[in-house]
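Following: one structure in structure tokens, then a few remarks.
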Amino acid sequence: MTTPPPHTEIDGAPATDPGLLAALLTGYGHFTAMQVRDGRTKGLALHLDRLDRSTRELFGTELDGKRVRELVAGALANAGRRDASVRVYVYPGVRTVVTVADPAPDGPGAPQRLTTVDYWRPAPHIKHLGGFGQRYHGEAARRAGYDEALLTSPYGEISEGAVTNIAFWDGTSVIWPSAPCLAGITMALLEPHLNSTRRPVTLADLPGFRAAFVTNSRTIAPVTAIDEVTFPVDEELMGRVFAAYGAVEGDEIRP
């Protein structure tokens, strides 16, 4: 007797691709997020490299960058957009899903207040889908009146924000915490163009810094407080950070 294929419904309607839906429901996979402007995005090669490396690590096979570019370009064309926030998800079976949404606003993000939590992401070098922990702490931070959670070890070593990288300014250098974290694309683009270094940063070090800022695919924003430690917005520093990011040319997505 032939075993019938799985039957899955979404809101009462049969799923058109049950195999894809089953892959999505595993919650196992990885993704990248990018801002597209006029069909171009900054750091495209970094996005494609990260997708390929993570696919090899999670699924034991490569992910063709040209195919990813075709999928993103096709999704943008089908959505009738040249400007968008785009995410590329990779699931078991190397099923690739592209989402296209409204773009993030250009320009500086609003100053942020952070609160620290004792939590480090598992396999932090992968932008993976197991994001319950940071989502939980991020939502709790917002309910408590903060903008973001800052992840630390039980001994107070700082790694990253729940959905951001964080950098500190000591008056001479931009310092990125060297604890295990996701090296975000925006961070990777900025690091060579600023007087940057990586080293351990602890909560005890915070009063010694003159400023701080966070980065991700949607924003670069100054940090004005971490728990009870406050920082002024250093306009000169932020001007240099935004100038460095603005100088990065966007890459054409269409292969």
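The values are calculated or read from the model by the stated rules, or taken from the named source; none is laboratory data. All figures in this text were calculated on a predicted structure; none of them were measured in a lab. All Cβ positions, even for glycine, are placed from backbone atoms using ideal geometry, and neighbour counts span all protein chains on display. The accessibility values were calculated without ligands, DNA or RNA, using every heavy atom of the protein model including side chains. Shrake-Rupley method; radii C 1.70, N 1.55, O 1.52, S 1.80 Å.
When exposed loop sites are taken as GluC sites (Glu not before Pro) in a DSSP loop with at most 16 other Cβ atoms within 10 Å, the longest stretch of the chain clear of them is 63-227.
Averaged over its residues, the stretch 22-80 has an accessible area of 48 Å² per residue, based on protein heavy atoms and a 1.4 Å probe. For the chain, the alpha carbon positions stretch 71, 39, 33 Å along the principal axes, listed from largest to smallest.
Give me the percent of the accessible area of the stretch 153-228 that comes from carbon and sulfur atoms, probe 1.4 Å, all protein chains in place. Before the final figure, lay out each step's value.
Details: 1500 of 2900 Å².
About 52 percent, which is the carbon plus sulfur part of the accessible surface.
Comparing mean-square fluctuations of ASP227, ASP17, ASP64 from a GNM of the chain with C-alpha springs under 10 Å, the top value falls on ASP17.
Running Debye on the stretch 2-143 with equal point scatterers at the Cα sites and no solvent, what base-10 log of I(q)/I(0) appears at q = 0.09, 0.10, 0.15 Å⁻¹? Values returned for q = 0.09, 0.10, 0.15 Å⁻¹ are -0.36, -0.44, -0.96.
Can you sort SER153, SER196 by solvent-accessible area, 1.4 Å probe, largest first?
Values: SER153 15, SER196 35 Å².
Highest to lowest solvent-accessible surface, that is SER196, SER153.
With +1 assigned to the C-beta of every Lys and Arg and -1 to the C-beta of every Asp and Glu, and no other charges, what is the dipole magnitude of the stretch 54-141 about the Cα centre in debye, to the nearest 20?
Details: 12 positive and 9 negative charges, 30 e Å.
Dipole magnitude for the stretch 54-141 comes out near 140 debye.
If I take every Cα pair under 8 Å that is 6 or more residues apart in the stretch 124-206, average their sequence separation and divide by the length, what percent do I get for the relative contact order?
Details: 106 pairs, mean separation 22.5, N = 83.
Relative contact order here is 27 percent.
In percent, what relative contact order does the chain have, based on Cα pairs under 8 Å that are 6 or more apart in sequence?
Working: 461 pairs, mean separation 52.4, N = 255.
Computed value for the chain: 21 percent relative contact order.
Taken about its Cα centre, the chain carries a charge dipole of roughly 460 debye when the Cβ of each Lys and Arg holds +1 and the Cβ of each Asp and Glu holds -1.
For ASP251, nonlocal amide neighbours, meaning residues 5 or more places apart or on other chains whose placed amide H falls under 5 Å from its own, are THR41, LYS42, GLY43, LEU44.
Quote the Stokes-Einstein diffusion coefficient, in whole µm² s⁻¹, for the stretch 71-185, based on the Kirkwood radius over alpha carbon pairs, a temperature of 37 °C and a viscosity of 0.692 mPa s.
Working: Rh = 16.4 Å.
Here the translational diffusion coefficient equals 201 µm²/s.
Cα centroid separation, the stretch 180-230 to the stretch 35-111: 24 Å. Considering only ALA244, GLY130, TYR146, the residue lying farthest towards the positive end of the dipole of the chain is GLY130, judged by Cα position with unit charges set on Cβ. For the stretch 14-97, the fraction of C-alpha pairs farther apart than 20 angstrom is 36 percent. Per-residue ellipticity at 222 nm, computed for the chain from helices alone with -39500 (n - 2.57) per DSSP H run of at least four residues, works out to -8500 deg cm²/dmol.
Are there trypsin sites (Lys or Arg not before Pro) in the stretch 199-255 that DSSP puts in a loop and that have at most 13 other Cβ atoms within 10 Å, and which ones?
On the way: sites: ARG210, ARG218, ARG240; in loops: ARG210, ARG218.
Sites meeting the loop and neighbour criteria: ARG210.
I'd like the chymotrypsin sites (Phe, Trp or Tyr not before Pro) in the stretch 123-164 restricted to DSSP loop residues with at most 13 other Cβ atoms within 10 Å, sorted by number. Working shown, then result.
On the way: sites: PHE132, TYR136, TYR146, TYR155; in loops: TYR146, TYR155.
Answer in residue order: TYR155.
Can you tell which of ALA221, TYR91, TRP169 lies farthest toward the positive end of the dipole of the chain, using +1 and -1 charges on the Cβ of basic and acidic side chains (Lys, Arg; Asp, Glu)? The Cα lying farthest towards the positive end belongs to TYR91.
DSSP beta bridges in the chain, what fraction antiparallel, as a percent rounded to 5? In the chain, DSSP labels about 75 percent of beta bridges as antiparallel.
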